[in-house]
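Structure record follows, encoded as C-alpha cells.
Any read-out appearing in this document is the output of simple, stated calculations on the displayed coordinates, not a laboratory observation. None of the values given here were measured: they were computed from a predicted structure. Glycine also receives a Cβ, built like all others from the backbone with ideal geometry; neighbour counts cover every protein chain displayed.
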Amino acid sequence: MGKLINGINGPIKGKVGPTHGSSRNGNPYIKGPHKKRTTKISKKEKGNRTRFNTAQFWLKPLLDFVREGFKGFTYKPASQGHAAAKSYLLTHAVEGDAPEFTVNPALAKVSYGSLPLPENMKVEKYAEQEIKFSWDKDWSDALAKGAHYADQAMLLAYDIEHKKAFMSIFGEFRKSGEQILRVSYYKKSKIYTNGGTFHCYLAFVAADRSRQSDSEYLGTITFS
C-alpha cells in the first residue's frame, strides 16, 4: 500500500496500483512496474555497460574519499557524492574503445568544489612506505578568495594495480604546509607493505565543512 505525502496533490511513497512512488535527493519519482526484457542487448549497450563498470570498479576503493570530496556538489542533476564522482570520471577520464576501457589517473578528480587550493603542491618520498605531501604555507592569497588557515588537507595515495588506497580525509591544517601519509597497514599486530606505484591527489575541505576544493593530481610515487 502506498502513502500520499502532503495530501492528494503530494508525492506518492510505495506502490499504488501499477505505479511505484519513491524519491531521490528530495525529488519525488513515479515509475511503472518492472518488465522483463525481450530484446537482445546491443553492441553499443554492452560497451556502455563495460565503460560504466570500469568507472565503478576504479572508484570502489575510494568510496569514503569521494563521498566527502564531492559532498553537496551536483555534477549532473540529482547526483552528488559517489554518483557525481562517477559521472565526472565517465565524462573526463575514461578512455579507450569497447571492450578495452581504462581510466587516466591524471584526468580523474577525487574532489570537486570552489575552495581555493594553495600554491606549490607536491609529493615526495619521505621514508620507507611514507609519502610527504607539501604545499605553500602562505595562504594570504587564498584567504582573499574565502579560504581559511584551518582548512584541512585531503590526502590520497592510490595503488591502482593492487586496488589499495591510503587516505587522510581530514588531515593537517592549511597553515601547516605538509603532512606525511603512510602507505602500509596493520593486521594482527603486524605491518604489511605492498610496494607498488601510488597515484597521489591533494585537495582541501573547508574548516566549517561548507565546501571543498578541486583535487590536484600530483603524479606517482613508487616503492619496491
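Worth pointing out:
- FRET E, pair Asn53, Thr197, Förster distance 30 Å, beta-carbon r, rounded to 0.05: 0.85
- Mean sequence separation of contacting Cα pairs (under 8 Å, at least six apart), scaled by the length of segment 53-107, corresponds to a relative contact order of 31 percent.
- Each Cα pair under 8 Å and six or more residues apart adds its sequence gap; the mean of these over the residue count of segment 122-223 is a relative contact order of 30 percent.
- Lysine-lysine proximity count for segment 122-223, Cα under 20 Å, sequence distance 8 or more or distinct chains: 14
- FRET efficiency for Glu45 and Thr222, using Cβ-Cβ distance with R0 set to 35 Å, rounded to 0.05: 0.35
- Compared with the alpha-carbon gap, the fully stretched path from Asn120 to Asp208 is longer by 29.3 nm at 0.36 nm per residue.
- For peptides 155-161, 197-203, sequence by mean Cβ density within 10 Å, most packed first: 197-203, 155-161
- Spin-label pair Lys163-Leu143: with each label point 7 Å from Cα along the Cα-Cβ axis, the two points sit 4.6 nm from one another.
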